[in-house]
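The structure appears right after this line, and notes come after that.
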Amino acid sequence: MTQKRSSFTGKIGFVLAAAGSAVGLGNIWRFPYLAAQYGGGTFLITYLILAVTFGFALMCAEIAIGRKTGKSAIHAFSDLNKKYKFIGWLASIVPMIILPYYSVIGGWVSKYLFLSVSGNISTAAANDGQYFSDFIAKPFEPLGWFLLFMGLTAVIVLFEVEKGIEKVSKIMMPVLVVLTIGIAIYSMTMPGALGGVLYYIKPNFSNFSFMTVLAALGQLFYSMSLAMGIMITYGSYMKKEVSIESSVHQIEIFDTGIAFLAGLMVIPAVFSFSGGEALADKGPGLMFMVLPQVFNSLGGVMGNVLGTVFFMLVLFAALTSSISLMETVVSIFRDKFGWGRKVTCIGVFIGCLLLGIPSSLGHGPWASVEILGKNFLDFFDFISNSVIMPIVALLTCLFIGYVIKPKTLIDEIELGGRKFKNKPLFVWMIKYIAPVFIVLILATSVLEGFGVISI
Ligand code: PFF
């Protein structure tokens, strides 16, 4: 299918669009609970090191592949070498797995927005946020919110009104940053919060484990929208005059900055309300249990207003991400089968509903069903972040390092006589360090996931 490729107007346009896809629930919902679970400062430092080395190299590579070929993942790989089209295919499976469960969590955010709007933040805050566990255990209500969020995403993609949403989110995003900073400062000054601040920013290597690295690596892919073909597509829309290297720096700063702030907002508050011991066991519910307590501590009206503004901003961040996920899935099917836009959107919507239902029910009526010891949502999260994405990243590195050779992409990055400042890092990461590292991580995680070893 040949469609005219539009392109981003300039660097700012590109960076904002890519950051719109990158910044989402991964930063605000996923990062804080992983940091809480996997050693606080130890997780933070591991993540930061991976981001500036591995994340940097892989994001440069994906954007360069996209811009060089002007195609999205599947065609981009086959353009560079026909035999390796399968890497593009494998990458394309990831958004199909993520979108359904992403929408389940988008549904939870919608519910919390509704709770705040209707003046019920105190209900959500009561008993250390117990409301959340009761809510996700219900059979139908979370399903309804999931349907709403998924439906909203589908309608926006169907009527091609993403541009409108993106415009709004360009205003919302900076507001989200400011509000997050404000809430983080407030959280840090609550009684007893200091222990949380220290836990979060001070590495304590007795907390370090293999799982810290695995979780940080999976989070890196997820948060920066890597190893799933998305950045290749974004790169294909990037103008040749724009610098890939400095764009990547800016996206990374934006994405990591918001994740860092989200952690500062949530973790000190946990220490203040329920002490450090409560950190690990809240898991994916952490944000939903803790933030209502923060808002509620501001007093009735103020708490509800702040909750409303906050959850609305998070909802927008989640929507820009779910739209980019759905857009990707839709275009894969359209390219492959030549289907019309409407039919494809409806088909993808139905498919996602079917795949999302187990993730939603897995906390309630289907809680007893486990795959590899995990509920459905955690299983989908594990398969995409800890299995398929590392495989895609590994194959991408090997493909660049040994098939098309790093020079092919370096030329693209250096186009117009630009200097690629971190070229040695790029080459070393892609050819040697990343592949060895991923093989180690992957082998261990798969063996652990299947219960062969325990770490
Ligand atoms: N990076 C997004 C987040 O952190 O929430 C998740 C995501 C969005 C992944 C869009 C992929 C994507 F296409």
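The values are calculated or read from the model by the stated rules, or taken from the named source; none is laboratory data. Keep in mind that what you see is a predicted model, and the values were worked out from it rather than measured. Reconstructed Cβ throughout: ideal geometry from the backbone, glycine too, with neighbour counts over all protein chains shown. The protein model used for the area step is the full one, side chains on, heavy atoms only, and it has no ligands, DNA or RNA in it. Shrake-Rupley method; radii C 1.70, N 1.55, O 1.52, S 1.80 Å.
The modelled label-to-label distance for the pair V178/R418, using points 7 Å beyond Cα in the direction of Cβ, is 3.1 nm. Of the residues N304, M211, G416, the one whose Cα sits farthest toward the positive end of the charge dipole of the chain, with +1 on the Cβ of Lys and Arg and -1 on the Cβ of Asp and Glu, is G416. Spatially, segment 274-317 and segment 414-430 are offset by 42 Å when compared through their Cα centroids. Taking Cα atoms only, the orientation of helix 121-137 departs from the longest principal axis of the chain by about 60 degrees. Taking 0.36 nm per residue of separation and subtracting the Cα-Cα distance, full extension of the segment from I171 to E141 would add 7.7 nm. Taking a quarter of the surface of the Cα convex hull of the chain gives a mean projected area of 20.3 nm².
Compactness of segment 198-340 was expressed as the Cα radius of gyration divided by 2.2 N^0.38 Å, which yields 1.33.
Note that segment 1-91 carries a Kirkwood radius of 15.7 Å, evaluated over its alpha carbons pair by pair.
Rolling a 1.4 angstrom probe over the protein heavy atoms with all chains in place gives the chain an accessible area of 38 Å² per residue.
In this simple spin-label approximation, F208 and V403 carry label points 7 Å from Cα along the Cα→Cβ vector, and these lie 3.5 nm apart. When the solvent-accessible area of the chain is split by element, carbon and sulfur atoms take up 69 percent of it, the probe being 1.4 Å.
Taking the longest Cα principal axis of the chain as reference, the axis of helix 341-361 is set at about 40 degrees.
Taking all protein chains as they are arranged and a probe of 1.4 Å, the heavy atoms of D411 leave approximately 70 Å² accessible to solvent. Applying 0.36 nm per residue to the separation of F159 and V52 and subtracting their alpha-carbon distance, the gain on full extension is 34.7 nm. Which of the trypsin sites (Lys or Arg not before Pro) found in segment 246-349 are loop residues per DSSP with 12 or fewer other Cβ atoms within 10 Å of their Cβ? For trypsin sites (Lys or Arg not before Pro) across segment 246-349 that sit outside H, G, I, E and B with at most 12 neighbouring Cβ atoms in 10 Å, the list is empty. Computed over segment 324-439, relative contact order equals 17 percent, with contacts defined as Cα pairs under 8 Å that lie 6+ residues apart.
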